[in-house]
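Notes to accompany the following structure.
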Amino acid sequence: MDDWRIVQAKHSIYKLYQLLRKTQPFSWVAESRKSTPFPNRILALNCSNIKTKNNGFGKADAWKQGKPIRVIRSSRLGKQSNFAPTTGYRYDGIYKVVEYFPDIDRSGSLVWRYLLRRDDPTLAPWIKRNPLDSIVLGNCESSDELELNPAKKIKTCFQIDPRTGKYIDGDLANEKVWNECKESAFKGRQAFIEKVAELFTCACCQDIVRVPVTTSCKHNICQLRLAAFQWKRFDGDPTTRRTTKKTRYKFKDSLDIVKYYGSTNPLNGLRSNFPLNMTAEYLESLVGHEDLLRTHDELEVLHHKPESLSKLPKDFDARKEWPICEPIIGHVREQGQCDAAWAVVPASVMSDTLCIESNGKELVHLSAEDIITCCSECRETNGCEGGLMYKVWDFWMETGIVTGGEYSSEQGCKPYTESSFKSHTATSCESSCSTENYQKTYSEDKNKGALAYRLPREEKQIRAELKSHGPVTAVMAVYIDFLNYQDGVYTHETGEEIGTHVVKIIGWGEEKKKKYWLAANSWGNQWGNMGGFFKIERGTDHCGIESDVRSGRISKKLSPREFLEKYDPAKGSSESRRLILSFAWMLILWLTTVTLLF
């Protein structure tokens with residue numbers, strides 16, 4: 001009775017059943033339930049026995065009248081039968097339950113055993129087929145194949161898409177690897193995909209490589225992982241950001257990835273925002289190398305009233321909220337080949353604040369050039385190699401900032417100049433306007449701030465600030481995949497961190513049930529498909545964008561304490577109470593001292 005099978009049902013086998021359900025959608029699996037007197041009660045109910053409900057033995061009176069069961073046999077079970085497949089899984093056909101009964105296994109545990117019998121009109125898979133009984137389709141089946149081990153799946157050809165094949169043939173560096181993958185296509189589409197995953201999986205990160213490097217031992221490793229190994233070997237400490245050698249290796253590798261993403265390869269689905277002939281130095285100048293996300297300073301944290309947090313709309317755009325200031329708020333600056341986002345973005349936010357508080361009377365751009373050249377405490381060199389953003393707010397309140405437009409725009413007192421792009425030496429502060437025939441003097445053109453503050457790391461607090469007072473600055477970590485952002489809500493998926501960056505948040509919204517911040521970059525309006533703007537995941541501090549958010553005020557009529565009382569009564573009143581209590585304690589201490597002396 002070769003077609004009789006005994007299946008041992010244990011609770012531990014449920015994991016295998018779950019695996020079978022994922023791999024074979026037509027499999028039928030019964031779930032064990034503790035509420036039943038034995039496992040797999042549903043399997044027993046498929047038997048035609050009328051005594052199933054008696055919690056005892058079950059034997060079919062007419063086993064063919066039972067309910068059909070689809071059986072999948074695995075090669076991974078510990079005890080193999082002569083009829084089991086040699087590898088993987090195999091569909092064995094329709095079975096019926098003949099009998100089920102309790103038994104004791106080798107470990108002494110109580111188990112239920114099921115006696116199943118095959119009741120399928122098709123030929124059993126372990127029986128050798130006669131080639132004359134089969135209809136051969138195409139060139140992928142032959143009589144020789146049918147004489148092979150019956151446990152093996154019949155081979156079916158998989159034709160690679162011509163367009164994809166074109167790019168595969170163009171990858172000459174991995175020609176031998178692709179040839180091996182093509183050989184597996186004869187076994188079918190799934191076999192081809194599994195072979196590609198096997199040969200193009202990085203031995204270090206265990207993920208599919210984007211830009212593979214084939215080693216001498218014929219392994220494909222991610223260039224990022226290879227570069228990381230080089231940093232450790234050359235620099236000793238891979239965590240040191242300011243190491244020259246590490247930076248060079250990092251951005252040389254990042255440049256290759258950006259160019260790879262920028263190709264028209266349909267396998268990656270991305271497009272580059274930068275020309276393919278750009279240099280690694282240009283890429284390095286886009287982001288900062290100081291760990292701005294962990295910078296601490298003495299700026300006070302401003303908390304908005306609870307009432308203002310409950311009235312926030314579902315979406316918001318500062319350009320629409322203050323349409324008269326749209327030319328200022330909606331302007332995307334371009335830092336050029338200069339790591340100066342620490343100055344460019346705060347200048348943009350201060351310009352927005354000036355316009356909003358003046359009700360649109362001051363439609364001017366404050367000068368990032370003035371910050372770069374005159375704020376000596378903000379930078380170490382000329383400002384194109386990074387700077388301290390929190391010092392910019394102090395400079396704004398103490399010294400003030402003049403007006404200035406984009407590079408070579410001749411707008412304002414101090415527009416962006418060529419020195420900001422090329423010079424790497426310390427520059428002197430010129431107390432005069434660089435624009436010829438400008439109507440105001442340098443001192444007359446200064447615009448000072450009255451107050452600067454940080455916001456809590458809370459989504460609603462940031463939204464309340466945007467709704468009440470306009471755009472804010474934010475610091476975020478930049479990963480390689482962000483460089484080629486096009487549209488949609490950005491979430492980091494691949495590539496390592498290459499630095500930090502300062503951006504301007506102007507609103508928020510929701511797209512396809514995913515919450516986002518609406519922000520402006522400082523890489524020009526040609527970056528991405530949104531005119532230099534981008535959307536990034538909101539509410540999760542994605543890339544650290546909610547960790548360091550700042551803004552300020554220009555109103556000269558209010559002191560910092562009065563400002564807090566006006567815009568945040570809860571904060572202002574608490575400050576007032578603190579001062580009153582301090583004064584009272586000092587008075588009590590003085591009276592006590594006088595009493596003791598006399």
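Quick note: the coordinates plus some simple rules give every number you see, no bench work behind them. This is a predicted model, so every value here is computed, not measured. Positions of Cβ are generated from backbone atoms using ideal geometry, with glycine treated the same way; all protein chains shown enter the neighbour counts.
Within 10 Å, count the other beta carbons around each residue, average over each peptide in 179-192, 360-373, 513-526, and list them highest first.
In decreasing order of mean packing, 179-192, 360-373, 513-526 become 360-373, 513-526, 179-192.
Where does each of 581-587, 88-94 land if you order them by average Cβ count within 10 Å, highest first?
The peptides rank, most packed first, as 88-94, 581-587.
So how far apart, in nm, are the two label points at SER408 and CYS429 if each is 7 Å from Cα heading toward Cβ?
2.9
Going by how many other Cβ atoms sit within 10 Å of their own, how do ILE160, ILE168, ILE401, ILE580 line up, fewest first?
Ranking ILE160, ILE168, ILE401, ILE580 by Cβ neighbours within 10 Å, fewest first, gives ILE580, ILE160, ILE168, ILE401.
Only loop residues by DSSP count here, and only those with at most 15 other Cβ atoms within 10 Å; note down the trypsin sites (Lys or Arg not before Pro) in region 300-330 that meet that. Walk me through the numbers on the way to the answer.
Details: sites: LYS311, LYS314, ARG319, LYS320; in loops: LYS311, LYS314.
Loop-located and lightly packed - LYS311, LYS314.
Can you run phi through the Karplus equation (6.51, -1.76, 1.60; θ = phi - 60°) for region 181-193 and list ³J(HN,Hα) in whole Hz, with x for Gly and Pro?
Coupling constants for region 181-193: 5, 5, 4, 6, 5, 5, 8, x, 5, 5, 5, 5, 4 Hz.
Apply the Debye scattering formula to region 306-553, with a single equal point scatterer on each alpha-carbon and no solvent, then give log10 I(q)/I(0) at q = 0.11, 0.14, 0.17 Å⁻¹.
Each listed q maps to, in turn, -0.54, -0.89, -1.32.
Distance between Cα centroids, region 433-448 to region 451-527: provide it in whole Å.
For region 433-448 versus region 451-527, the Cα centre distance is 33 Å.
Sort THR595, THR381 so the one with the fewest other Cβ atoms within 10 Å of its own Cβ comes first.
Starting with the residue having the fewest Cβ neighbours, the order is THR595, THR381.
If packing is taken as the average number of other Cβ atoms within 10 Å across a peptide's residues, how do 447-454, 170-177 rank, most packed first? It would help to have the intermediate numbers written out before the result.
On the way: 447-454: 19.8, 170-177: 13.1.
Most protected by this proxy first, the peptides run 447-454, 170-177.
In what order do LYS96, LYS64, LYS446 fall by count of nearby beta-carbon atoms within 10 Å, going from fewest to most?
Listing LYS96, LYS64, LYS446 from fewest to most nearby Cβ atoms yields LYS64, LYS446, LYS96.
What list of ³J(HN,Hα) values in whole Hz, one per residue of region 85-95 in order, does the Karplus curve 6.51 cos²θ - 1.76 cosθ + 1.60 (θ = phi - 60°) give from phi, with Gly and Pro shown as x?
Calculated HN-Hα couplings, in order: x, 6, 9, x, 10, 8, 7, 9, x, 8, 10 Hz.
When the Karplus curve 6.51 cos²θ - 1.76 cosθ + 1.60 is applied with θ = phi - 60°, which whole-Hz ³J(HN,Hα) does each residue of region 308-323 get, with x for Gly and Pro?
Per residue, the Karplus-derived 3J(HN,Hα) values read 6, 7, 8, 10, 8, x, 5, 9, 7, 9, 4, 5, 7, 5, 10, x Hz.
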